[in-house]
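Scroll down for the structure; my scribbles are underneath it.
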Amino acid sequence: MSESRRRGRPPRIDRDRIVAAARDMDPATLTMQAVAERLGVDRKALNYHVTDRDGLLQLVAHETLSSLLETVTPVDGTWQDMVRAIAHQTRASMIAVGAHFDYVRLPIGSGPAALAPNEHLLRSLVEAGFTDAQAGRALGLLAELMYASARNTVLAGRYGEHPQITELNRMLAEAPPGTLPSIRRLSAARIGLDPEQFDFDLDVVIAGLAQLLDR
């Protein structure tokens with residue numbers, strides 16, 4: 001370290017600078033020390049803002065997802081239209097988190113702007129006649145559905161094929177020929193983890209909510 005650096009004011013960091021530095025680094029090899037070196041600060045300086053490596057990676061994931069969720073927009077139409085639009089946009093935002101998706105946790109996002117899609121969806125459901133409790137539970141169900149679907153897409157992109165499909169194919173190869181015909185047909189057609197699965201899931205949820213509303 002140069003004499004001028006020792007005598008000068010130490011570099012100032014905040015959470016935003018830490019996240020910005022960590023966002024461009026490979027999460028598989030990221031360390032707190034590497035982030036500190038990129039920022040030109042002592043490793044201990046990071047602990048004023050983040051506790052450890054996992055906490056930092058979760059922060060990067062949620063900050064990235066939050067910025068994406070700010071672009072989610074409601075649509076005009078029925079509550080069913082709103083459910084589909086918000087669900088598809090939110091799922092796409094999760095997938096766009098990319099390498100940091102493993103560190104996304106429910107509830108998703110952070111900050112008021114990230115909550116805007118939830119507000120639009122809840123308001124649409126309540127205005128359609130659902131109670132606050134029903135709307136809240138519907139939102140929880142959709143959040144889990146979006147998370148699971150996005151995770152499946154990320155895993156398939158990461159490995160070239162979803163690990164569950166790889167394992168299923170292995171089991172079928174070991175099974176006696178002619179057995180498990182229904183599962184073999186579904187496996188050959190890639191039904192269950194294909195892109196159309198999310199639309200099917202939404203259709204089922206919406207149909208169930210419509211019956212609940214009719215009651």
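The values are calculated or read from the model by the stated rules, or taken from the named source; none is laboratory data. What you see is a predicted model, and the numbers here were worked out from it, not measured in a lab. All Cβ positions, glycine included, derive from the backbone under ideal geometry; neighbour counts span all protein chains shown. Keep in mind that these areas ignore ligands, DNA and RNA; they rest on the heavy atoms of the full protein, side chains included. Shrake-Rupley method; radii C 1.70, N 1.55, O 1.52, S 1.80 Å.
Protein-only accessible surface at a 1.4 angstrom probe places the residues F200, F130 in the order F200, F130, largest first. Full extension of the chain segment joining D199 with R17 gains 61.7 nm, where the gain is 0.36 nm per residue of separation less the Cα-Cα distance. By a 1.4 Å probe calculation restricted to protein chains, S182 has an accessible surface near 60 Å², given to the nearest 10. Counting only Cα atoms, the size of segment 50-98 along its three principal axes is 45, 15, 13 Å, in decreasing order. Ordered from largest to smallest accessible area (heavy atoms of protein chains, 1.4 Å probe), the residues L115, L193 come out as L115, L193. Of the three principal axes defined by the Cα atoms of segment 8-89, the extents in descending order read 60, 28, 19 Å.
Here the chain has 54 percent of its accessible surface on carbon and sulfur atoms, given a 1.4 Å probe and all protein chains in place. In the assembled protein chains, D24 presents an accessible area of approximately 120 Å² (probe radius 1.4 Å). Each pair of Cα atoms in segment 69-135 enters the Kirkwood radius, and Stokes-Einstein at 25 °C and 0.890 mPa s then converts it into a translational diffusion coefficient of 193 µm²/s.
Approximating the spin labels as points 7 Å out from Cα along Cα→Cβ, the R123-to-D81 distance works out to 1.6 nm. Per-residue ellipticity at 222 nm computed for the chain from its helices equals -21500 deg cm²/dmol, with DSSP H segments shorter than 4 residues left out and the rest contributing -39,500 (n - 2.57). Candidates S124, V154, A45 compared by Cα position along the dipole of the chain: farthest toward the positive end lies A45, with charges placed on Cβ. Between the residues P195, A210, T90, the greatest Cα displacement towards the positive end of the dipole of segment 85-215, with unit charges on the Cβ of Lys, Arg, Asp and Glu, is found for P195.
What is segment 71-178's relative contact order, in percent, from Cα pairs under 8 angstrom and six or more apart in sequence? Reported as a whole number, the value is 29 percent. Rounded, prolate or oblate: which one fits the chain, using the alpha carbon gyration tensor with axes a ≥ b ≥ c (rounded when a/c is under 1.5, else prolate when a/b beats b/c, else oblate)? It comes out oblate by the Cα gyration axes.
Taking square-rooted eigenvalues a ≥ b ≥ c of the alpha carbon gyration tensor, is segment 135-181 rounded, prolate or oblate, where a/c under 1.5 means rounded and, failing that, a/b exceeding b/c means prolate? In terms of gyration-tensor shape, oblate. Under the rule a/c < 1.5 gives rounded, and otherwise a/b versus b/c splits prolate from oblate, where does segment 149-208 land using the Cα gyration tensor? Here segment 149-208 falls in the oblate category. Sequence-distant contacts, meaning Cα pairs under 8 Å at least 6 residues apart, place the relative contact order of the chain at 16 percent. If the chain linking A96 and T131 were pulled fully straight, counting 0.36 nm for each residue of separation and taking away their Cα-Cα distance, it would gain 9.3 nm.
Projecting the Cα positions of G77, M171, Y103 onto the charge dipole of segment 71-175 (unit charges on Cβ atoms of Lys, Arg, Asp and Glu, taken about the Cα centre) puts Y103 furthest along the positive direction.
Peptides 69-76, 94-101 ordered by packing proxy, namely the average of other Cβ atoms within 10 Å per residue, highest first: 94-101, 69-76.
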